[in-house]
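Derivation of every value follows stated rules applied to the coordinates shown; laboratory data play no part. Remember, predicted model here, so these are calculated numbers, not experimental data. Here the Cβ positions follow ideal geometry from the backbone for every residue, glycine too, while neighbour counts run over all protein chains shown.
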Amino acid sequence: MTADRVAADPRDIPAPITRKKPAVVEALLETEEVVAEVEPGVTFRYMTFNGQIPGPLVRTRVGDTVDLTIRNPASNTMVHNVDFHAARGPGGGAEATTVAPGEEKHLRFKVTYPGAFVYHCAVGNVDYHISAGMFGLILVEPEEGLPTVDHEFYLGQHELYTNGATGQKGHHEFDFEKMAAEDPTYVLMNGEKFALGPQGYDELVVKTTDSVRVFFAVGGPNLQSHFHPIGSVWETVYRDGALASDPDRFVQTVPVAPGSSAVTTADFRVPGNYKLVDHALSRVVRKGCLAVLRSEGPENPTLFDPQ
Amino acid sequence: MTADRVAADPRDIPAPITRKKPAVVEALLETEEVVAEVEPGVTFRYMTFNGQIPGPLVRTRVGDTVDLTIRNPASNTMVHNVDFHAARGPGGGAEATTVAPGEEKHLRFKVTYPGAFVYHCAVGNVDYHISAGMFGLILVEPEEGLPTVDHEFYLGQHELYTNGATGQKGHHEFDFEKMAAEDPTYVLMNGEKFALGPQGYDELVVKTTDSVRVFFAVGGPNLQSHFHPIGSVWETVYRDGALASDPDRFVQTVPVAPGSSAVTTADFRVPGNYKLVDHALSRVVRKGCLAVLRSEGPENPTLFDPQ
Amino acid sequence: MTADRVAADPRDIPAPITRKKPAVVEALLETEEVVAEVEPGVTFRYMTFNGQIPGPLVRTRVGDTVDLTIRNPASNTMVHNVDFHAARGPGGGAEATTVAPGEEKHLRFKVTYPGAFVYHCAVGNVDYHISAGMFGLILVEPEEGLPTVDHEFYLGQHELYTNGATGQKGHHEFDFEKMAAEDPTYVLMNGEKFALGPQGYDELVVKTTDSVRVFFAVGGPNLQSHFHPIGSVWETVYRDGALASDPDRFVQTVPVAPGSSAVTTADFRVPGNYKLVDHALSRVVRKGCLAVLRSEGPENPTLFDPQ
């Protein structure tokens, strides 16, 4: 199978939960192996949940029960499964959800603590499957919900290990030795080089008066991100996605471990383009890790006045 | 000297302190150089405190005075010493405790702040001695103690740099170039590949109704860990082992710097095996970093229900 | 141009702000490209702000307006600019401040949140310019100021990628491949190997009764630091330089992301030398990352008593 796009639309998030009682939340994860471009002219055989990186954001509330279906189409070549960091049980559900091509399985689990939790494929070569794209977030809202914002965006960073040089045209195969050495060919936001922003999918668009929340997942499999909004700071940060902790305030760069997340808010009061990056900057300049948010509105010379 | 086992028994921790007044706590560290297996068929010349990795957990209370004896047996080949992160004085005691083979020295120091503090050998090639196994924890309980739990476990992660490939049979010599490049051959829990759990020393055993505390040391010498309990989360985390800070709540993956620690609690309400890992997962799959906790009790389909 | 010294004097910090109202703070950054020694016998073509690493600490208060002049002397060879993490606007000012050799530009921006924020050059090869030395701190004090201490020191860690081996005599050229691989030749405090301390510039000198604050910047461009005072702990830590968050207490080793900072306090009650290090210790032993603070006063055997 080939796909034109694997980068998840960062706006594609279920609406905030307004109900006041627990519910059963159905979730469908379909494992899709697709060949697509990392950047123009460079192809790779991705593995994904539902054809997108990161996989769909599953939105729940503390006390809910997730009713999961995982389906591995017969057209695939590999066994897959899913480990939810929000599930309480062996493997986070990995053994219970292991599906060969053509199989489908079901798991019900209760989410009991708030947070933005990573899920990922967790078969034997777990690092390979994550590196190929199989990770996403399950959000467990606290009972009282999250403060209202004007925009919620969903981004995921991970790294890709291939047998080619960064940018080398053609098809890249996966490289296990480079992964063992933690020496990636690409470090990516939403699975593609420089895909999100005015230079590509122009979907991170806000007004200068808006408030913004970012759900940021790091799949890894190996590298910590150091998440920074160039031209702003994170006004609040729930470190490690731990929504029951006190948030930090006005954080320039938040470290996010592989297999973890951050929930951040920010605003962008001066119009223009804001680069969201891993501040290990060679990953931006040389390996593709960049999303660009565009803020629209009047100039604001009190705050920012080039002369 | 050879040893059958260097992995510390994770249950081997002094009992919680119940006294209400400061005391003098005697500690004996004996530096032991031993050849042992990293995994079956692969040997390495470890350096240890008291023959175990991590070294013995020294348990104290704020205000106590530690009366340390360090002894370097005449059968050793190297000079050793110890730097306690809980000691206030030059080198954390390193100069004062430097012992050649056949020597013994003494140091008294007062512990004045709570926390779980790393200690480690700190001679000239400090990174080599830590990588060979010379690190452990000194716990300084707050005056009021820690909340009671059903189990306390003690784990330590560090990385090994050798001139062999990971898994290559035979004796491995230390490799200084790979250490300078921060490119380890093994990343280990308690000094051996996959040693702790039902597959080896089956010592991390709890009931589904139990509460568990983990004292987790990272010796390094170079790599940060990203400590995650697969199938659960850390209910509380004292980041950096800083027991005077507010703990974080429901943290999926806690970053732990080299030369630092974390004090975490968790429970395991569904029976089965739980893997405790560095979520930089290639270190688990390809370099040996894994401990497995086993939880016993009745199934809990309200929380977790494979169908 | 050549220079005898690029290491910033760690004592060279503007006085704490005592005024109670916002002001306009003038700042002049002059980009200087200079050849200097990394260690005796090893030269490199640094890029700096004002000839020092880290660049000058710009001290402001929440609500102030910074009136920045950036000047690129005609004798330089490269285009430069500056991105302030404390500025709210595209690129943190990068586009607005881009200056070719012989050019000068001006930018006014308001600082609205407290913290210790990194600034750095941010032209196309941003990682190269930071690695060559172009980073520093802008401090935004909270309205009520910071608690009074006896000493404030200013340190910056970054890493250097060259075509030579560590310690190889002669002139080193920059190496882009080693930077892409995050495999540095040197990791440095204030831009030079082992420069600060009794063995070099003996400027970190305190009394055993003194309190000390450290403003610690990590330029990167790629590596996280794990900042530890050997023989003490950080009594308070503002993680990520986020002065509006609650500080952590008694932290042995604080992780500091590239493009971030920490604001720490400590004391040194026992006389002697205290090494300030990245606790990824091979960077200290093998790559030069060390500053040494010297504490003077009477012995303190109650706290620390070698026998």
Diffusion coefficient in µm²/s returned for segment C:226-269 by Stokes-Einstein, Kirkwood Rh over C-alpha pairs, 25 °C and 0.890 mPa s, is 235
Identify which of C:Gly89, C:Gly241, C:Gly115 has the largest mean-square fluctuation in a Gaussian network model of chain C, with springs joining Cα atoms closer than 10 Å. C:Gly89
Shape verdict for segment A:188-307, please, from the Cα gyration tensor: rounded (a/c under 1.5), prolate (a/b greater than b/c) or oblate. oblate
Ellipticity estimate at 222 nm from DSSP helix runs (n ≥ 4, -39,500 (n - 2.57)) divided over chain B, nearest 500: -1000 deg cm²/dmol
Pairs to check: A:Lys287/C:Lys193; A:Lys178/A:Lys287; B:Lys287/C:Lys193; B:Lys178/C:Lys178. Give those whose C-alpha atoms are more than 21 Å from each other in this structure. A:Lys287/C:Lys193; B:Lys287/C:Lys193
Cut-off 10 angstrom, C-alpha nodes, Gaussian network model of chain C. Which of C:Pro90, C:Pro73, C:Pro114 fluctuates the most? C:Pro90
Quick one: label points 7 angstrom along Cα→Cβ at A:Phe176, distances to the other copies in nm, smallest first? 3.3, 3.3
Shielding by partners for B:259-265, please: the mean number of other protein chain Cβ atoms within 10 Å of each residue's Cβ. 3
To the nearest 20 debye, what charge dipole does the protein assembly as shown have about its Cα centre, counting +1 at the Cβ of each Lys and Arg and -1 at the Cβ of each Asp and Glu? 880
Starting from the amide H of C:His171, placed 1.01 Å from N in the peptide plane, find each other amide H under 5 Å away whose residue is 5 or more places distant or on another chain. C:Thr43
By its C-alpha gyration tensor, with a ≥ b ≥ c as the square roots of the eigenvalues, how is segment B:62-178 shaped: rounded for a/c under 1.5, else prolate for a/b larger than b/c, else oblate? oblate
Considering only C-alpha atoms, what is the centroid distance from segment B:38-54 to segment B:68-137, in Å? 18
Expressed as a rounded percentage, what relative contact order does chain B have, with Cα pairs under 8 Å and six or more residues apart? 17
Extent of chain A along each principal axis, from alpha carbon coordinates, in Å, largest to smallest? 61, 52, 30
Along the charge dipole of segment B:154-307, Cβ charges K/R +1 and D/E -1, which of B:Leu196, B:Val256, B:Ser245 sits furthest on the positive end? B:Leu196
Mind listing the label-point distances from B:Val205 to the same position on all other copies, shortest first, one decimal in nm, points 7 Å along Cα→Cβ? 6.3, 6.3
P(r) of the protein assembly as shown over all Cα-Cα pairs, binned every 20 Å from zero, in whole percent: 15, 49, 32, 3
In Å, what is the Rg of the alpha-carbon atoms in segment B:79-121, and how long is Dmax? 10.7, 34
Can you tell which of A:Gly231, A:Gly191, A:Gly93 shows the greatest fluctuation in a Gaussian network model of chain A with Cα springs below 10 Å? A:Gly231
Would you mind checking the radius of gyration and Dmax of segment C:132-239 based on alpha-carbon positions, in Å? 16.5, 50
Just counting partner chain Cβ atoms within 10 Å, what average do the residues of peptide A:286-298 show around their Cβ? 1
Quick check on segment C:2-126: take the gyration tensor over C-alpha atoms, sort the square-rooted eigenvalues as a ≥ b ≥ c, and tell me if it's rounded (a/c under 1.5), prolate or oblate. oblate
How far, in whole Å, is the nearest Cβ of chain C from the axis relating it by rotation to chain A, and which residue carries it? C:Pro255, 4
Between the label point of A:Pro301 and that of the same position in each other copy, find the distances and list them shortest first in nm, with every label point placed 7 Å from Cα along the Cα-to-C-beta direction. 7.1, 7.1
Cα centroid separation, segment A:166-203 to segment C:210-278 (Å): 34
